[in-house]
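Student: There's a structure below that I have some questions on.
The values are calculated or read from the model by the stated rules, or taken from the named source; none is laboratory data. This structure is a prediction, so every number in the text was calculated from the model and none was measured. Using ideal geometry, Cβ is built from the backbone for each residue, glycine included, and neighbour counts are taken over all protein chains shown.
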Amino acid sequence: MILGLTIPQFTALHVAISFVGIGTGLIALPAFTRGRILSRTMGVFLWTTLITSLTGFLFPIVAFTPALGTGIVSTLVLAVAFWAWYGRKLAGRAAPIFAVTATIGLWLNLFVLVVQSFLKVPALNALAPTGTEPPFAAAQGALLIVMIGLGYLAFRSSRRLAAA
């Protein structure tokens, strides 16, 4: 049991929180690239993405895994995003720092979504049962390219925001 929930219940809660983080991130970050700051949506994105990372550490850990490493990196990146958003309120150089860290936070959440999709969705698992096959690499590569583009646009927009 984790926090009074069975492991399947806790997993469902963890996944639901992750989906909220992904959904709000996919709304707030593109708006940010267009110079629109959706404060509430961005706040929900930041908090649910952080909670996703933190709840991941509550699962039974028997050894260091890529999932654990991803959670550590995500938590550290999100700490910087929180500092830029809440601590510095995007003033000066905090705006570009936020753009980069928020993009990385969303990308890591989406990265895990792709990994889990290939593990859990039978049709995807049939295409890449070990996660080393070309369909998995193509999906992760396409995601990375899209996120680099989104990050570039967010960074460019944040520089205009910082200059204003």
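Student: Consider residue 162 carefully, then state whether it is modelled with pLDDT of 95 or more, out of contact with any Asp or Glu (no Cβ under 8 Å at 6 or more places or on another chain) and assigned to a helix (DSSP H, G or I).
Tutor: no
Student: How many of the residues in the stretch 23-56 are within 18 Å of residue 72 (Cα to Cα) and β-branched (Val, Ile, Thr)?
Tutor: Residues in the stretch 23-56 being within 18 Å of residue 72 (Cα to Cα) and β-branched (Val, Ile, Thr): 5 in total.
Student: Could you check how many residues of the stretch 120-142 are surrounded by 13 or more Cβ atoms within 10 Å (Cβ to Cβ) and hydrophobic (A, V, I, L, M, F, W, C)?
Tutor: Qualifying residue count, the stretch 120-142: 5.
Student: Continuing with this model, one more query. So the check is Cβ under 8 Å with 6+ separation or different chains; which pairs have a first residue in the stretch 120-132 that's farther than 20 Å from residue 12 by Cα and a second one that's surrounded by fewer than 12 Cβ atoms within 10 Å (Cβ to Cβ)?
Tutor: 128/134
Student: Here's another thing I want to ask about it. Which condition from (1) farther than 20 Å from residue 73 by Cβ; (2) modelled with pLDDT under 95 is the one that residue 131 breaks?
Tutor: Just one mismatch for residue 131, condition (1).
Residue by residue, here is whether (1) in contact (Cβ under 8 Å) with a residue 24 or more places away in the chain; (2) of a type in the set (Val, Ile, Thr); (3) surrounded by fewer than 19 Cβ atoms within 10 Å (Cβ to Cβ) holds:
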{"residue": "10", "(1), (2), (3)": "yes, no, yes"}
{"residue": "33", "(1), (2), (3)": "yes, yes, no"}
{"residue": "53", "(1), (2), (3)": "yes, no, no"}
{"residue": "59", "(1), (2), (3)": "yes, no, yes"}
{"residue": "83", "(1), (2), (3)": "no, no, yes"}
{"residue": "88", "(1), (2), (3)": "no, no, yes"}
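Student: I need the full set of residues from the stretch 35-49 which are surrounded by 14 or more Cβ atoms within 10 Å (Cβ to Cβ) and in contact with a helix residue (DSSP H, G or I) (Cβ under 7 Å, 6 or more places away or on another chain), in order please. Full working, then the answer.
Tutor: So the first thing to find is which residues in the stretch 35-49 are surrounded by 14 or more Cβ atoms within 10 Å (Cβ to Cβ), and the list is 37-38, 41-49.
38, 41, 42, 44, 45, 46, 48, 49 - these are the residues of the stretch 35-49 that are surrounded by 14 or more Cβ atoms within 10 Å (Cβ to Cβ) and in contact with a helix residue (DSSP H, G or I) (Cβ under 7 Å, 6 or more places away or on another chain).
Student: If you don't mind, there's one more thing I want to ask. Mind counting the residues in the stretch 91-105 that are farther than 25 Å from residue 145 by Cα and surrounded by 20 or more Cβ atoms within 10 Å (Cβ to Cβ)?
Tutor: 0
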